[in-house]
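Enquirer: My structure is below; once you've seen it, I'll send some questions.
What follows draws every value from the coordinates through simple rules; no lab data is involved. In this text, all values refer to a predicted model and were calculated from it rather than measured experimentally. A quick note on method: Cβ atoms are made from the backbone with ideal geometry, for glycine too, and the neighbour counts reach across all protein chains shown.
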């Protein structure tokens, strides 16, 4: 119980830090203050890095906040609340369909007032991964085809939906869409994806000891 309590505290703290850095990033890309102020703030921000670097994980080392009986990826770049570059998208599974919700701010701007196309791809890939995982196993993206029908508006609640349409052994084919919460029937971006569950040999080659821990 003590371990789980500590994990819950670390997750709350990571979530708070992620949210604070997200606010900072949003302010940084929207600000029109003078150069002197920008330089001063840059120095202040750099001073915050060493305390965080004092205990740092390396590539291939799982984050401590991901562990526990209810494992989750706190630093996932699409849905991780601890990752400042994530919107973050909140995902739920309803009758086998993955449904994500998020709002993109100026941090994700491509064309003026609309989201960058790469961010749409990130969200769709993530929701397709959740759809694949409804089979009980995590998979990896093999193919992702997108069609951009309309630009994705910023500062507008979005709805991202993904579902599996075909299963063939370790392989799944899935479809996903992005729309607004206000008008879910109008598709802004759509995707078709192919995912695969790595074989034991592939998982060992790619992830080493982490593959054993995931089983």
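Enquirer: To the nearest 0.05, how large is the calculated FRET efficiency for residue 145 and residue 166 if R₀ is 22 Å and r is the Cβ-Cβ distance?
Expert: E(calc), rounded to 0.05, equals 0.90.
Enquirer: Computed FRET efficiency, Cβ-Cβ of residue 32 and residue 155, R0 22 Å: what is it to the nearest 0.05?
Expert: For R0 = 22 Å, the calculated efficiency reads 0.80.
Enquirer: Treat each spin label as a single point 7 Å out from the Cα along the C-beta direction, and report the residue 53 to residue 205 distance in nm.
Expert: It is 3.6 nm.
Enquirer: Mind giving me the FRET efficiency for residue 64 and residue 90? R0 is 22 Å, r the Cβ-Cβ distance, nearest 0.05 is fine.
Expert: With R0 = 22 Å, the Cβ-Cβ based efficiency is 0.50.
Enquirer: Turning to a different aspect of this structure: Sort 130-140, 87-97 by the packing proxy (mean of other Cβ within 10 Å over each peptide's residues), most packed first.
Expert: Descending packing order for the listed peptides: 130-140, 87-97.
Enquirer: Follow-up question, since we're still on this one. What does the extension gain come out to for residue 23 and residue 137, with contour length at 0.36 nm per residue minus their alpha carbon separation?
Expert: 37.6 nm is the gain from fully extending residue 23 to residue 137.
Enquirer: For the chain, what is the relative contact order in percent, using Cα pairs closer than 8 Å and at least 6 residues apart in sequence?
Expert: Relative contact order, the chain: 16 percent.
Enquirer: Over the chain, with a Gaussian network built from C-alpha contacts below 10 Å, which listed residue (180, 141, 31) shows the highest mean-square fluctuation?
Expert: In the Gaussian network model the winner is 31.
Enquirer: Then there is this: What is the extension gain from residue 182 to residue 45, computed as 0.36 nm multiplied by their sequence separation minus the C-alpha to C-alpha distance, in nm to one decimal?
Expert: Stretched fully, the residue 182-residue 45 segment lengthens by 45.6 nm.
Enquirer: A further question on this structure: Would you mind ranking 12, 73 by Cβ crowding within 10 Å, fewest neighbours first?
Expert: So the ranking, lowest neighbour count to highest, is 12, 73.
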